[in-house]
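The values are calculated or read from the model by the stated rules, or taken from the named source; none is laboratory data. All values reported here derive from a predicted model rather than from experimental measurement. Neighbour counts are summed over all protein chains in view; Cβ atoms, including those assigned to glycine, are modelled from backbone coordinates with ideal geometry.
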Amino acid sequence: MDKRNFSSIGNEIKDSVKKAVNTRDFNQLNKDIGNTINNTLDDIKSSIGYNHNNSKNRKQWDNKDIYNERYKDKHYRYNHHSNKPPHEENQVYDNKNVTDHMQFVKPVGRISGILFTVFGSIGLGLFGIAIIVMAILGYTLDNSLYFTILKGLAPLFIVSMLLTGKGGSIRKRLKRFKKYIKYTKDKNYCMIKELSNYTGLKKRFIIKDLRRMISLGMFPEGHLDDQKTCFMLNNESYDQYLKLQEKMKAEKLEEEQQPRQKTKETNNDEIKDSELKKSIEEGKLYIRQIREANDVISGIEITKKLYQLENVTSKIFNYVESHPEKLSDIQKFMDYYLPTTAKLLNAYKELDMQSSQGENICSAKMEIENTLDTINLAFENLLDSLFQDVAMDVATDISVLNTMLKQEGLTEKDF
């Protein structure tokens with residue numbers, strides 16, 4: 001059927017009918033319609049023979065149509081070296097290793113389009129003739145018989161019109177299909193915009209058309225991307241697209257999480273800074289209370305102990321202020337030791353201010369003074385523990401240095 005224009009079949013039959021009606025000679029009409037039908041059936045047989053051969057060897061197309069021009073060499077392989085497509089900057093689709101294009105296309109509707117057109121056109125001709133004849137001879141027939149016959153012919157004529165229209169629609173789709181595969185002959189994918197520019201069709205129509213062709217199996221492995229901007233002809237390209245989408249989603253999620261994480265870290269830092277500032281202020285308050293108690297309390301021994309207490313407490317807070325990560329190490333010191341110490345000092349001040357220093361007062365004061373020795377020792381041990389990591393780092397550095405010097409022979413003399 002490649003040498004014939006199917007759209008002219010119906011016109012040929014219609015012309016034959018019109019000629020017969022005008023000349024009132026119906027003898028030649030049967031011959032003309034018969035020739036048209038026979039030629040059409042010959043073309044159908046040729047097409048069926050094409051498909052039979054094509055099922056044996058998918059790489060050979062009919063030698064009279066566009067497919068043969070494109071795929072005539074069954075050993076032909078496409079090798080298209082292109083730059084990355086404009087669909088995405090970091091697109092990973094691959095047009096370099098293009099496999100046999102034939103396996104990705106299937107001209108569904110080739111035979112059905114012919115059959116619909118042929119039989120629809122035949123029906124139009126035959127039932128059209130019948131209706132014309134009825135119109136001419138109608139006045140000689142009984143009205144009831146006339147309308148009965150007409151009611152029977154009208155649906156058949158309408159069905160023939162629908163068949164012809166359906167056939168035309170299928171053939172137009174096949175024509176577009178040929179254009180699509182002509183443009184994509186050396187590609188694994190193509191952009192819808194490029195296909196629109198090539199065919200002159202609107203992008204929206206092409207998208208709808210491709211989706212229909214995919215559903216019909218004309219592109220067995222065809223896929224459209226989520227944005228409907230790219231058409232992929234095989235599963236390999238589509239798998240690459242899906243991997244790219246997953247990668248992009250992961251990157252987008254990571255980008256969205258980064259500000260949140262940064263905000264969270266900033267908030268945590270602000271909280272830590274706030275806690276540190278609060279702890280340092282509390283520490284300074286306790287140090288001031290120790291100094292004020294020392295100014296009020298008389299006695300050489302306890303004064304020395306209070307100076308020692310103020311000194312070690314100041315060192316603890318100075319170190320924590322410059323090393324905020326150590327704040328948690330002095331939590332118990334802040335929550336219990338210092339408040340208890342301040343309470344003891346306030347009690348000592350109150351006892352020392354009494355004009356009469358009886359046995360109980362003196363005993364209580366002595367007990368507090370002895371407790372201050374324990375507190376000072378505990379605070380000094382706490383300060384020392386804060387330097388534990390520093391001491392370990394120093395010891396490690398010294399050990400490594402000694403080992404390296406020994407390996408280089410710099411710590412022993414050669415004799």
So TYR336, is it surrounded by 16 or more Cβ atoms within 10 Å (Cβ to Cβ), hydroxyl-bearing (Ser, Thr, Tyr) and under 20 Å from LEU377 (Cβ atoms): no
The lone exception for LEU244 - which of (1) in contact (Cβ under 8 Å) with a residue 60 or more places away in the chain; (2) closer than 28 Å to VAL108 by Cα it fails: (2)
Residue match in the stretch 362-379 (condition: of a type in the set (Phe, Trp, Tyr), in contact with a Ser or Thr (Cβ under 7 Å, 6 or more places away or on another chain) and closer than 21 Å to LYS278 by Cβ): yes
One residue from ILE330, ILE316, ILE287, ILE297 being under 50 Å from the mean Cα position of the chain (by Cα) and assigned by TED's automatic domain parsing to the domain that holds ASP384: ILE330
Which numbered condition SER355 fails, given (1) part of a helix (DSSP H, G or I); (2) over 60 Å from the mean Cα position of the chain (by Cα): (1)
Lone unmet requirement of (1) among the polar types (S, T, N, Q); (2) free of Cβ contacts under 8 Å to residues at least 60 places away in the same chain; (3) closer than 26 Å to VAL118 by Cβ for THR148: (3)
Selection status of GLU350, part of a helix (DSSP H, G or I), assigned by TED's automatic domain parsing to the domain that holds LYS305, free of Cβ contacts under 8 Å to residues at least 12 places away in the same chain and within 20 Å of ARG288 (Cα to Cα): yes
Failed item in (1) at pLDDT 80 or above; (2) under 30 Å from GLU282 (Cβ atoms), with ASP389 passing the rest: (1)
Residue in the stretch 204-211 that is aromatic (Phe, Trp, Tyr), surrounded by fewer than 17 Cβ atoms within 10 Å (Cβ to Cβ), outside any loop (DSSP other than H, G, I, E, B) and touching a residue at least 12 places away in the same chain (Cβ under 8 Å) present: no
Which numbered condition TYR139 misses (of (1) at pLDDT below 85; (2) surrounded by 12 or more Cβ atoms within 10 Å (Cβ to Cβ)): (2)
Residue that is surrounded by the fewest Cβ atoms within 10 Å (Cβ to Cβ), among those in the stretch 160-180 that are more than 13 Å from VAL118 (Cα to Cα) and of a type in the set (A, V, I, L, M, F, W, C): LEU174
Checklist (1) farther than 19 Å from ILE280 by Cα; (2) more than 60 Å from the chain's Cα centre (by Cα); (3) surrounded by fewer than 17 Cβ atoms within 10 Å (Cβ to Cβ) applied to ALA342, failing item: (1)
Test: residue in the stretch 143-158 that is small (Gly, Ala, Ser) and modelled with pLDDT under 75: yes
Matching residues, the stretch 310-332, being of a type in the set (D, E, K, R), closer than 15 Å to ASN376 by Cα and free of Cβ contacts under 8 Å to residues at least 24 places away in the same chain: GLU310
Number of the condition not met by LEU126 [criteria: (1) surrounded by fewer than 17 Cβ atoms within 10 Å (Cβ to Cβ); (2) more than 30 Å from GLU236 (Cα to Cα)]: (1)
Residue within the stretch 405-414 that is in contact with a Leu (Cβ under 7 Å, 6 or more places away or on another chain), over 24 Å from ARG291 (Cβ atoms) and polar (S, T, N, Q) present: yes
Output for the stretch 228-247, where each listed residue is assigned to a helix (DSSP H, G or I) and either farther than 25 Å from SER196 by Cβ or touching a strand residue (DSSP E or B) at 6+ places or on another chain (Cβ under 7 Å) (or both): SER237, TYR238, ASP239, TYR241, LYS243, GLU246, LYS247
GLY409, sole failed condition from (1) modelled with pLDDT under 85; (2) assigned to a helix (DSSP H, G or I): (2)
